[in-house]
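We did not get these values from a lab; they are worked out from the coordinates using the rules stated. What you see is a predicted model, and the numbers here were worked out from it, not measured in a lab. Reconstructed Cβ throughout: ideal geometry from the backbone, glycine too, with neighbour counts over all protein chains shown.
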Amino acid sequence: MIQTRAGRSYVKSQGVTVRCYGSPARRRSALDFGHPASASERLTKVTGADPNLDPAYSASLLRRAKALQTEAEEVMQTLDLMTMLGVLGRPEQIGSSVSGLMVWPDIDVTVRCRDVTLERVWDTLRPLLINPQVTRLSYSNETGARSPSGDIADQRFYFVIHYETARGKEWKIDVSIWTSDAPRPHLAQLAELERRLTRETTLAILWIKDVWHRLPVYPYEVGGSEVYDAVLEHGARCLDDFDRYLRERGLPTR
């Protein structure tokens, strides 16, 4: 079952914001529903069109998702992020950059660690944090009493890094450094998601995310997990269906 926001142990936390001026081998192949696109393909505009009825919009969603996933791989390789984080523990790339359900430049990485310290975390990430192409940085210490769930397994050091590529595109890179090396559910959830995707559900997810990622409540109040749950568990296929799903759960709608 897809884990929703209500079932997760963390959402958004208070943190310190620092402003700076200056790959897994597994990749989903189901996005080959459309033709390949160049990595520099521009984002499509929100049209509100039903991708199941509008072939052009459907094709653009699939092409963009494929292009963004390719670009995400390039960013990960350029920064050599998995090698860097491997010094701390067991890094795992998760989220839409692995599933291929991408509508915006966003990468999620987690690290399961044992006996990690804050000093060691900052020392390890220093080459990335002082990179002149990092334009913004948000950091949250969610350990001890600051753990949103109170569970020791959910303690982490959380970084949101905005990185500008040589082409001038800004990527958001979320890095969760867990202070426990206990297995987390993300990879199993990705495997289940990939197993259940069809062309119809893929297009429904991309369409809803395409509209919602532009709204101010996304992704911290309404995010990808709600979209996946609504489409795969509750049969949502359009924006109105998703609004209904959110309304029933007391979450903000469009």
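Can you give me the Rg/Rh ratio for the range 197-254, using Cα atoms for both radii and the Kirkwood formula for Rh? Each step should come with its number before you reach the end.
Numbers: Rg = 10.2 Å, Rh = 11.0 Å.
My calculation of the ratio gives 0.92.
Which of the aspartates and glutamates could be linked to K172 by a straight reach, that is with a Cα gap under 13 Å, when you skip same-chain ones fewer than 8 residues away?
E71, D106, D108, E164
Once phi is turned into ³J(HN,Hα) by the Karplus curve 6.51 cos²θ - 1.76 cosθ + 1.60 with θ = phi - 60°, what whole-Hz value does each residue of the range 62-77 show in order, with x for glycine and proline?
Going residue by residue, I get 5, 5, 5, 4, 5, 5, 5, 5, 5, 5, 4, 4, 5, 4, 4, 6 Hz, with x marking Gly and Pro.
Spin-label point model (7 Å from Cα, Cβ direction): what's the E233 to D80 distance in nm?
Placing both labels 7 Å along Cα→Cβ, they lie 4.1 nm apart.
Only loop residues by DSSP count here, and only those with at most 13 other Cβ atoms within 10 Å; note down the trypsin sites (Lys or Arg not before Pro) in the range 60-133 that meet that.
Within the range 60-133, the qualifying trypsin sites (Lys or Arg not before Pro) (loop, at most 13 other Cβ atoms within 10 Å) are R114.
Please list, in order along the range 82-98, the HN-Hα scalar couplings obtained from phi with the Karplus expression 6.51 cos²θ - 1.76 cosθ + 1.60 (θ = phi - 60°), rounded to whole Hz, x for Gly and Pro.
5, 5, 4, 6, x, 5, 8, x, 10, x, 9, 7, 10, x, 5, 5, 9
For R126 and K169, calculate 0.36 nm times their separation in residues minus their Cα-Cα distance, and state this gained length in nm to one decimal.
Fully extending the segment from R126 to K169 adds 13.3 nm.
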